[in-house]
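What follows is one structure encoded as structure tokens, with my remarks underneath.
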Amino acid sequence: MRFFDFLLMLVLFALLACGMYFLWLNLPAEPTEFEKYVAELSFELPNQSSQFHANMRYPDRKISYHLSNNCSLKKRNDFLDAVEFLESRTILDFYESSMPEIVVSCSNIAPEPSEEGHFVAGEGGPSVIINASRYAVIFVGKIALYRPEVCDTPQVAVHELLHALGFDHNANPESIMYPVTDCGQKLDQNLIDEIRELYSVPSAADLLIESFEANKTGRYLSFETVIANYGLKRVEESVLKIIVDDSVLKEFDTESLEIGSRKTLTISNLKVPRSMDMVKLVIETSEAEITRENNAAEIKVV
């Protein structure tokens, strides 16, 4: 009989110990703060830029255009000659489209007040721009071919096309981007080099963890993070992974992100190991990215 009493006491003691351990795991505790994470953004900008703003480019090096019906055959041919001229000297390609990125008109363009910083008076330039941090991404550019072409080469049309690519006037009388046109002006080598540098980066997304802060109370983690797309292409699908002790604790479908867009994710009371003192976030997509080096953020208990 004593044996069964002893066995019963042992079982009760074990149950009590398990209950106390379970209670310890789930009892409220003082909040534990984690380090705050902010992405270190250090994009290479040219020492000198010939553009309205540094790092202006279209999403892809293949750029679409549309010529307005009000353009004469002469001006249409001038523009096509300008396209051929730039294609032969740069890594850019142009193609005609009914859904264009560059709209070519043959009359004056009166810029909207919000566009005046990018338009050269009466000529045109980028008109819809998204600041994606890494690049100022041009979605729409406008060209006005109203000035007559008096040279054998398409000086005026090349000048206007370069404006639509984000390039400003310069003070070199021998440059094709000098405000006053002369038939002897040339396409500057530094413009060719700048175009090559800008468009050598492929059209791809660039997901990153922009910021991340968290606190833990007992076994429950609460956090807020901002994810962003600093790239040149929309992301169709993405997922955010919460990693603790080298294991994926939870995944969140963060879906699509447009160029330059951000999403804030706020999570409360996610159950985690009580002893956890470090948490890692990783934003992933199966699509191509400019770089994946900024896809993760790791923070520790303060």
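Tabulated data for the structure shown
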{"read-out": "Net length gained if the chain between SER98 and GLU224 were fully extended (0.36 nm per residue, minus Cα distance)", "value": "41.1 nm"}
{"read-out": "Projected label distance in nm at SER256 and SER72, using a 7 Å step from Cα toward the beta-carbon", "value": "4.4 nm"}
{"read-out": "The stretch 56-187, dipole about Cα centre (Lys/Arg Cβ +1, Asp/Glu Cβ -1), debye to the nearest 20", "value": "200 debye"}
{"read-out": "Student exercise, the stretch 121-180 dipole from Lys, Arg, Asp, Glu Cβ charges, in Debye to nearest 20", "value": "300 debye"}
{"read-out": "Ranked MET99, MET276, MET56, criterion: other C-beta atoms within 10 Å, fewest first", "value": "MET99, MET276, MET56"}
{"read-out": "Label-reachable residues, the stretch 235-275, where backbone N falls under 18 Å from a point 7 Å from SER286's Cα toward its Cβ", "value": "235-241, 251-257"}
{"read-out": "Two-site FRET efficiency, ASP152 against ASP60, from Cβ-Cβ distance with R₀ of 35 Å, rounded to 0.05", "value": "0.65"}
{"read-out": "Per-selection Rg to Rh, the stretch 56-187 - Cα, Kirkwood hydrodynamic radius", "value": "0.93"}
{"read-out": "Efficiency of FRET between VAL140 and GLU236 - r from beta-carbon atoms, R0 25 angstrom, step 0.05", "value": "0.65"}
{"read-out": "Using a Förster distance of 30 Å, the FRET efficiency for ASP245-ASN131 (Cβ separation, nearest 0.05)", "value": "0.20"}
{"read-out": "Two-site label geometry, ASN215 and GLU197: point separation in nm, points 7 Å out along Cα→Cβ", "value": "4.6 nm"}
{"read-out": "Sorted by Cβ density within 10 Å, fewest first, the residues THR254, THR225, THR217, THR181", "value": "THR217, THR181, THR254, THR225"}
{"read-out": "Ranked list, fewest to most other Cβ atoms within 10 Å of each Cβ, for ARG274, ARG57", "value": "ARG274, ARG57"}
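None of the figures in this text is laboratory data; all of them are computed from the coordinates on show. Owing to the predicted nature of the structure, the values given are computational and were not obtained by experimental measurement. Here the Cβ is made from the backbone with ideal geometry for all residues, glycine too, and neighbour counts use every protein chain on show.
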